[in-house]
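Accompanying notes for the structure given below.
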Amino acid sequence: MTKIIRACTVAQSTGFFVGMIPDLKEMGYVVVAVSSDGPELDAVRSAGGRYVTVEMQRHISPLKDLKSLWQMIRVFRKEKPAMVHSMTPKAGLICMLAGKLTGVPVRVHMFTGLVFPTSTGLKRRILMFTDWLTCACATHVLPEGEGVKRDLLENGITSKPLKVLGHGNCRGIDLKKFDRTPEVMAEAEKLRKADKFTFIAIGRLVGDKGINELVEAFCRLNKELPDTLLVLVGPYEPDLDPIKPETIKAIDENHAIEAVGSQKDVRPWLAAADCHVLASYREGFPNVVIEAGAMGLPQIVTDINGANEIIIEGRNGTIVPSKDADTLCRAMRRMATDAPWRATMASAARPLIASSYEQGYVRRCLYDFYREILSPDLTNR
């Protein structure tokens, strides 16, 4: 049996690979998940894997990061994996360094997004260096999409061969789950305000998700078109890139904005909406855009990595510049008032997602990659 470690910074991110564990077991792999502690790790055990906890910080924290590196080195020395495959920035840096230092033969990091392109000054230089170091210690580098690949190459982060698996995306979409089933539609009916044209945004309520611009754009639109509604699905994160006080005030005081917090099942919320909006400044390959498309929603997305690969202008959505509340407001106005344009994009939304991001296809691309890089002599390591 070939042991592989799948690693991410926080336990919530194990959801990106936990569904693959049964397949990997059948293929002859022993899967060990490594992340910070969290209740989501119970799903790893239920799927047939094991987990080990190493506390890691999402933000820059040199002393704590050194402690995490030492703990990861100890884990790798004990587990002796044939491969470590990391995702998310901090886990990537720590795992690739620890893997290099302990001689893990195959060290794979997937960049699901880059932070440095939207950073400035010293922080940008630090982030570029840590990404460079991650790549230098990895044996294989996987950008989640073509945009991430381009940023890595054009900014000199690495000169190693970069491979995008399939059409991009690390998870894929379960089209049977993300569908307008009778059960989903029954829940959506409870949420739907029939007299309101409803925009929905799903994600953390932080600055780099474009929440400031989205709320500003919607407030302008709502004054002109009062029969509109904005639903924000996601948690506030005041300690990580908090949104502006005036944005919080607008959310609290505008009755046409509903902040409903995190939701375990976003499907009814998507089914109850008319348009999905992603106003983010940066992404790797946003799963929420794939999910909204599978649910048949036309979309407004910013011109950023991943989103501009999933959305084809005028076919399943429209693309606007990031950090531009004026253009976003105009796109939202057209979406709310141009029914034929909106209907055309809605009809194409699910078929376009199904053709490129169906979960089985995405997983097969990863499994084929594993077979390619894990040679027989690594078995029983």
statement: In degrees rounded to 10, the 0-90 angle between helix 325-337 Cα long axis and the longest Cα principal axis of the chain is 60 degrees
- prompt: How large is the helix-only mean residue ellipticity at 222 nm for the chain, computed as the sum of -39500 (n - 2.57) over DSSP H runs with n ≥ 4, divided by its residue count, in deg cm²/dmol to the nearest 500?
  reply: -13000 deg cm²/dmol
field: Furthest towards positive pole of dipole, A217, P286, P245, structure part the chain, Cβ charges
entry: P286
message: Tell me the relative contact order for segment 103-174 as a rounded percent, counting alpha carbon contacts under 8 Å between residues six or more apart.
response: 34 percent
query: Given q = 0.13, 0.22, 0.24, 0.31 Å⁻¹, what are the Debye log10 I(q)/I(0) values for segment 266-315, with equal point scatterers placed on the Cα positions and solvent ignored?
result: -0.26, -0.73, -0.86, -1.28
message: If packing is taken as the average count of other Cβ atoms within 10 Å, what order do 257-269, 325-337, 4-16 fall into, highest mean first?
response: 4-16, 325-337, 257-269
message: For a test of understanding, tell me how many lysine pairs in segment 182-357 have Cα atoms under 14 Å apart, given they are 8 or more places apart or on different chains.
response: 4
message: Please report the net charge: other residues with Cβ closer than 12 Å to the Cβ of D265, K and R +1, D and E -1.
response: 0
- line: Among the Cα-Cα pairs of segment 282-381, the proportion with separation greater than 25 Å, in percent, is 32 percent
field: Dipole of the chain [Lys/Arg +1, Asp/Glu -1 at C-beta], most positive-end residue of L191, L152, A349
entry: L152
field: Relative contact order %, the chain, counting alpha carbon pairs below 8 Å whose residues are six or more apart
entry: 15 percent
statement: Taking a straight Cα-to-Cα line shorter than 15 Å from K3, and setting aside same-chain aspartates and glutamates fewer than 8 residues away, one finds D23, E26, E79, D377
- prompt: Using +1 on the beta carbon of Lys and Arg, -1 on that of Asp and Glu, and nothing else charged, what's the dipole of segment 294-360 about the Cα centre, debye to 20?
  reply: 240 debye
message: Can you return the aspartates and glutamates within cross-link range of K149? Criterion is Cα-Cα under 14 Å, with same-chain partners fewer than 8 residues away left out.
response: D131, E283, E309
query: When Rg is the radius of gyration of the Cα atoms in segment 1-129 and Rh is its Kirkwood radius, what does Rg/Rh come to?
result: 0.98
- prompt: Under unit Cβ charges (Lys, Arg +1; Asp, Glu -1), what dipole magnitude, rounded to 20 debye, does the chain have relative to its Cα centre?
  reply: 1280 debye
- request: Any chance you could give the angle, 0 to 90 degrees and rounded to 10, that helix 121-137 forms with the longest Cα principal axis of the chain?
  value: 50 degrees
query: Expressed as a rounded percentage, what relative contact order does segment 233-381 have, with Cα pairs under 8 Å and six or more residues apart?
result: 18 percent
message: For the chain, take the longest principal axis of its alpha carbons; what is the angle in degrees between that and the long axis of helix 211-224, to the nearest 10 within 0 to 90?
response: 10 degrees
- line: Computed over all unlike Cα pairs, the Kirkwood hydrodynamic radius of segment 63-196 in Å stands at 17.1 Å
- prompt: Assigning unit charges at the beta carbon (Lys, Arg +1; Asp, Glu -1) and nothing else, what dipole magnitude in debye, to the nearest 20, does segment 182-357 show about its Cα centre?
  reply: 340 debye
task: May I ask you to list the lysines whose Cα is less than 21 Å away from that of K67, ignoring any residue fewer than eight positions away on the same chain?
output: K78, K80, K90, K100
field: Sorted largest first, extent of segment 182-357 alpha carbons per principal axis (Å)
entry: 41, 34, 32
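Throughout, read-outs are computed from the coordinates displayed, never taken from laboratory work. These numbers were taken from a predicted model, which means no experiment stands behind them. Every residue, glycine among them, receives a Cβ derived from its backbone with ideal geometry; neighbour counts consider all protein chains shown.
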